[in-house]
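Peer 1: Please see the structure below; I have some questions.
The values are calculated or read from the model by the stated rules, or taken from the named source; none is laboratory data. Just so it is clear, the structure is predicted and the values come from calculations on it, not from any experiment. Note that each Cβ is placed from the backbone with ideal geometry, even for glycine, and that neighbours are counted across all protein chains shown.
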Amino acid sequence: MWQALRNEAKNKGFELVTVGMDTLGAAGCREAMEAANAEHPALIDQHHAMADLFGVVNIPSSIWINEQGMIVRPAESAPPPPRSQQGAPGDLPAELPQRMIDIMTEASKIQADAESYHLALQDWIEKGEDSQFALDPDTVVARSVPRDADNALGHAHFELASYLESTGHHDRAIVHFREAHRLVPDSWTYRRQAWSLETVGDGPFARFWQGPTPDKEWPYEGDWLTDIRNEGAENYYAKWKP
(Lines give C-alpha, C1' and ligand atoms only; values in the text may rest on other atoms or scores of the structure.)
Protein backbone atom coordinates (compact mmCIF):
# COMPACT_ATOMS: atom_id res chain seq x y z
CA MET A 1 0.00 0.00 0.00
CA TRP A 2 2.90 2.39 0.73
CA GLN A 3 4.93 0.96 -2.13
CA ALA A 4 2.65 2.51 -4.75
CA LEU A 5 2.90 5.93 -3.09
CA ARG A 6 6.68 5.68 -3.00
CA ASN A 7 6.91 4.68 -6.65
CA GLU A 8 4.67 7.58 -7.65
CA ALA A 9 6.78 10.10 -5.74
CA LYS A 10 10.34 8.76 -6.03
CA ASN A 11 11.14 10.97 -9.04
CA LYS A 12 10.18 14.04 -7.02
CA GLY A 13 13.02 13.62 -4.53
CA PHE A 14 10.98 11.56 -2.07
CA GLU A 15 12.14 8.34 -0.45
CA LEU A 16 10.19 6.12 1.88
CA VAL A 17 11.95 4.17 4.64
CA THR A 18 9.84 1.65 6.54
CA VAL A 19 10.86 0.32 9.94
CA GLY A 20 9.44 -2.84 11.48
CA MET A 21 9.51 -2.64 15.28
CA ASP A 22 9.66 -6.19 16.61
CA THR A 23 11.51 -7.73 19.54
CA LEU A 24 11.86 -10.96 17.54
CA GLY A 25 13.77 -9.10 14.84
CA ALA A 26 13.78 -10.75 11.43
CA ALA A 27 11.82 -13.70 12.78
CA GLY A 28 8.94 -11.38 13.62
CA CYS A 29 9.08 -9.16 10.53
CA ARG A 30 10.30 -11.37 7.70
CA GLU A 31 6.93 -12.68 6.53
CA ALA A 32 5.35 -9.23 6.32
CA MET A 33 8.41 -7.71 4.67
CA GLU A 34 8.62 -10.45 2.08
CA ALA A 35 4.91 -10.12 1.34
CA ALA A 36 5.34 -6.37 0.83
CA ASN A 37 8.22 -6.97 -1.61
CA ALA A 38 9.50 -3.49 -0.83
CA GLU A 39 11.60 -1.61 -3.36
CA HIS A 40 12.47 1.04 -0.77
CA PRO A 41 14.73 0.68 2.31
CA ALA A 42 12.98 -1.60 4.81
CA LEU A 43 14.62 -1.85 8.23
CA ILE A 44 14.09 -3.87 11.41
CA ASP A 45 14.14 -2.20 14.82
CA GLN A 46 14.52 -5.06 17.31
CA HIS A 47 14.86 -2.83 20.38
CA HIS A 48 12.25 -0.20 19.47
CA ALA A 49 14.82 2.55 19.12
CA MET A 50 12.17 4.48 17.17
CA ALA A 51 10.14 4.69 20.36
CA ASP A 52 13.15 5.81 22.36
CA LEU A 53 14.61 8.33 19.91
CA PHE A 54 11.54 9.68 18.14
CA GLY A 55 8.66 9.14 20.57
CA VAL A 56 6.74 6.57 18.53
CA VAL A 57 3.91 5.27 20.75
CA ASN A 58 1.76 3.54 18.14
CA ILE A 59 1.94 2.15 14.64
CA PRO A 60 1.74 3.07 11.88
CA SER A 61 3.49 6.36 12.62
CA SER A 62 5.57 8.60 10.41
CA ILE A 63 8.39 11.10 10.78
CA TRP A 64 9.04 13.59 8.00
CA ILE A 65 12.73 14.36 7.45
CA ASN A 66 13.95 16.83 4.84
CA GLU A 67 16.99 16.69 2.55
CA GLN A 68 19.17 18.27 5.24
CA GLY A 69 18.31 15.55 7.74
CA MET A 70 16.08 17.83 9.81
CA ILE A 71 12.76 16.62 11.20
CA VAL A 72 9.93 18.77 9.82
CA ARG A 73 7.13 16.74 11.39
CA PRO A 74 7.70 14.60 14.50
CA ALA A 75 6.15 11.18 15.09
CA GLU A 76 2.43 11.18 14.33
CA SER A 77 -0.22 8.75 13.15
CA ALA A 78 0.29 7.81 9.51
CA PRO A 79 -2.79 6.05 8.09
CA PRO A 80 -2.33 4.10 4.85
CA PRO A 81 -3.33 5.84 1.62
CA PRO A 82 -7.14 6.05 1.36
CA ARG A 83 -7.25 3.69 -1.62
CA SER A 84 -5.73 0.92 0.50
CA GLN A 85 -8.08 1.08 3.48
CA GLN A 86 -9.36 -2.34 4.55
CA GLY A 87 -12.94 -3.47 4.31
CA ALA A 88 -15.54 -3.44 7.06
CA PRO A 89 -16.01 -6.34 9.51
CA GLY A 90 -18.73 -7.73 7.23
CA ASP A 91 -15.97 -8.68 4.79
CA LEU A 92 -14.33 -11.03 7.29
CA PRO A 93 -14.38 -14.80 6.74
CA ALA A 94 -17.03 -16.57 8.81
CA GLU A 95 -14.53 -19.13 10.11
CA LEU A 96 -12.59 -16.55 12.13
CA PRO A 97 -12.50 -17.17 15.92
CA GLN A 98 -14.91 -14.90 17.77
CA ARG A 99 -12.08 -13.00 19.45
CA MET A 100 -10.58 -12.14 16.06
CA ILE A 101 -13.99 -10.97 14.83
CA ASP A 102 -14.27 -8.78 17.93
CA ILE A 103 -10.77 -7.41 17.39
CA MET A 104 -11.46 -6.56 13.75
CA THR A 105 -14.78 -5.02 14.70
CA GLU A 106 -13.06 -2.69 17.18
CA ALA A 107 -10.26 -2.00 14.68
CA SER A 108 -12.85 -0.86 12.14
CA LYS A 109 -13.95 1.84 14.60
CA ILE A 110 -10.46 3.36 14.81
CA GLN A 111 -10.53 6.86 13.39
CA ALA A 112 -7.77 8.19 11.16
CA ASP A 113 -8.04 11.11 8.75
CA ALA A 114 -6.21 9.41 5.90
CA GLU A 115 -7.40 11.86 3.25
CA SER A 116 -6.14 14.97 5.08
CA TYR A 117 -2.87 13.31 6.02
CA HIS A 118 -2.05 12.22 2.49
CA LEU A 119 -3.05 15.54 0.95
CA ALA A 120 -0.57 17.15 3.35
CA LEU A 121 2.11 14.58 2.50
CA GLN A 122 1.64 15.18 -1.23
CA ASP A 123 1.88 18.92 -0.63
CA TRP A 124 5.21 18.47 1.16
CA ILE A 125 6.52 16.16 -1.57
CA GLU A 126 5.67 18.81 -4.18
CA LYS A 127 6.73 21.96 -2.33
CA GLY A 128 9.37 20.84 0.18
CA GLU A 129 10.25 23.55 2.68
CA ASP A 130 7.61 25.85 1.16
CA SER A 131 4.84 23.46 2.19
CA GLN A 132 2.55 24.81 4.89
CA PHE A 133 2.75 21.36 6.51
CA ALA A 134 6.55 21.46 7.01
CA LEU A 135 6.86 22.71 10.59
CA ASP A 136 9.50 25.05 11.94
CA PRO A 137 11.97 23.67 14.53
CA ASP A 138 10.20 25.23 17.53
CA THR A 139 6.89 23.65 16.54
CA VAL A 140 8.57 20.29 15.93
CA VAL A 141 10.01 20.39 19.46
CA ALA A 142 6.70 21.51 20.95
CA ARG A 143 4.82 18.63 19.28
CA SER A 144 7.39 15.97 20.13
CA VAL A 145 6.59 13.48 22.89
CA PRO A 146 8.45 14.65 26.01
CA ARG A 147 11.13 12.34 27.33
CA ASP A 148 10.77 12.56 31.08
CA ALA A 149 12.38 10.28 33.65
CA ASP A 150 9.53 7.76 33.54
CA ASN A 151 9.72 7.54 29.76
CA ALA A 152 13.48 7.03 29.82
CA LEU A 153 13.30 4.40 32.55
CA GLY A 154 10.38 2.72 30.82
CA HIS A 155 12.36 2.33 27.63
CA ALA A 156 15.29 0.91 29.61
CA HIS A 157 12.95 -1.74 31.04
CA PHE A 158 11.56 -2.41 27.57
CA GLU A 159 15.00 -2.81 26.04
CA LEU A 160 16.04 -5.18 28.84
CA ALA A 161 12.83 -7.16 28.32
CA SER A 162 13.58 -7.38 24.59
CA TYR A 163 17.06 -8.66 25.29
CA LEU A 164 15.79 -11.26 27.75
CA GLU A 165 13.13 -12.37 25.27
CA SER A 166 15.67 -12.70 22.46
CA THR A 167 17.94 -14.82 24.67
CA GLY A 168 15.21 -17.24 25.70
CA HIS A 169 14.29 -15.81 29.14
CA HIS A 170 10.61 -15.21 28.48
CA ASP A 171 9.38 -15.24 32.10
CA ARG A 172 12.04 -12.75 33.18
CA ALA A 173 11.20 -10.55 30.18
CA ILE A 174 7.58 -10.31 31.30
CA VAL A 175 8.63 -8.58 34.54
CA HIS A 176 10.34 -5.79 32.61
CA PHE A 177 7.63 -5.54 29.95
CA ARG A 178 5.12 -4.97 32.76
CA GLU A 179 7.28 -2.23 34.24
CA ALA A 180 7.63 -0.57 30.84
CA HIS A 181 3.84 -0.59 30.51
CA ARG A 182 3.47 1.01 33.95
CA LEU A 183 6.01 3.75 33.28
CA VAL A 184 4.88 4.56 29.74
CA PRO A 185 1.13 3.84 29.81
CA ASP A 186 0.36 5.69 26.57
CA SER A 187 2.60 3.45 24.47
CA TRP A 188 0.57 0.98 22.49
CA THR A 189 3.78 -0.27 20.87
CA TYR A 190 5.16 -1.42 24.22
CA ARG A 191 1.89 -3.10 25.13
CA ARG A 192 1.26 -4.74 21.77
CA GLN A 193 4.81 -6.05 21.54
CA ALA A 194 4.59 -7.85 24.87
CA TRP A 195 1.09 -9.16 24.17
CA SER A 196 2.09 -10.51 20.76
CA LEU A 197 4.79 -12.67 22.36
CA GLU A 198 2.13 -14.60 24.30
CA THR A 199 1.29 -16.54 21.15
CA VAL A 200 -1.70 -18.85 20.80
CA GLY A 201 -0.76 -21.94 18.79
CA ASP A 202 0.88 -21.75 15.38
CA GLY A 203 -2.06 -20.49 13.37
CA PRO A 204 -2.26 -17.30 11.30
CA PHE A 205 -3.76 -15.35 14.21
CA ALA A 206 -1.19 -16.35 16.84
CA ARG A 207 0.54 -13.00 17.20
CA PHE A 208 -2.65 -11.00 16.69
CA TRP A 209 -4.58 -12.73 19.47
CA GLN A 210 -2.94 -10.54 22.14
CA GLY A 211 -5.10 -11.62 25.03
CA PRO A 212 -6.02 -14.38 27.50
CA THR A 213 -7.14 -17.88 26.65
CA PRO A 214 -9.05 -20.38 28.85
CA ASP A 215 -6.03 -22.68 29.18
CA LYS A 216 -3.26 -20.18 29.90
CA GLU A 217 -2.72 -17.60 32.62
CA TRP A 218 -2.45 -14.11 31.15
CA PRO A 219 0.55 -12.25 32.65
CA TYR A 220 -0.52 -8.68 31.86
CA GLU A 221 -3.08 -6.31 33.34
CA GLY A 222 -4.51 -5.42 29.94
CA ASP A 223 -4.90 -6.92 26.49
CA TRP A 224 -5.68 -5.42 23.10
CA LEU A 225 -9.42 -6.00 23.06
CA THR A 226 -10.02 -4.99 26.67
CA ASP A 227 -7.85 -1.89 26.48
CA ILE A 228 -9.28 -0.54 23.24
CA ARG A 229 -12.80 -1.00 24.57
CA ASN A 230 -11.87 0.79 27.80
CA GLU A 231 -9.98 3.62 26.11
CA GLY A 232 -12.23 3.93 23.07
CA ALA A 233 -11.30 3.10 19.50
CA GLU A 234 -11.71 6.80 18.66
CA ASN A 235 -8.76 7.52 20.98
CA TYR A 236 -6.43 4.86 19.56
CA TYR A 237 -4.63 7.43 17.43
CA ALA A 238 -4.07 11.05 18.38
CA LYS A 239 -6.05 13.36 16.12
CA TRP A 240 -3.94 14.55 13.20
CA LYS A 241 -3.03 18.23 13.30
CA PRO A 242 -2.04 20.19 10.14
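Peer 1: Is it the case that region 76-92 has a residue that's basic (Lys, Arg), modelled with pLDDT of 90 or more and more than 30 Å from residue 159 (Cα to Cα)?
Peer 2: no
Peer 1: Looking only at helices (runs of 4 or more DSSP H) that fall completely inside region 130-242, which ones have 1 or more residues that are out of contact with any helix residue (DSSP H, G or I) (no Cβ under 7 Å at 6 or more places or on another chain) and among the basic types (Lys, Arg)?
Peer 2: Correct list: 137-143, 170-183.
Peer 1: Would it be correct to say that residue 232 is out of contact with any strand residue (DSSP E or B) (no Cβ under 6 Å at 6 or more places or on another chain), of a type in the set (Gly, Ala, Ser) and under 28 Å from residue 114 (Cα atoms)?
Peer 2: In short, yes.
Peer 1: Right, next: Which condition breaks for residue 130 when tested against (1) under 21 Å from the mean Cα position of the chain (by Cα); (2) over 18 Å from residue 48 (Cβ atoms)?
Peer 2: Among (1) under 21 Å from the mean Cα position of the chain (by Cα); (2) over 18 Å from residue 48 (Cβ atoms), residue 130 violates only (1).
Peer 1: Being at pLDDT 90 or above and among the small types (Gly, Ala, Ser) is the requirement here; does residue 108 meet it?
Peer 2: yes
Peer 1: Here is a follow-up. Anything in region 17-35 that is among the aliphatic types (A, V, I, L, M) and farther than 20 Å from residue 48 by Cβ? List them, or say none.
Peer 2: Scanning region 17-35 gives a single hit, 35.
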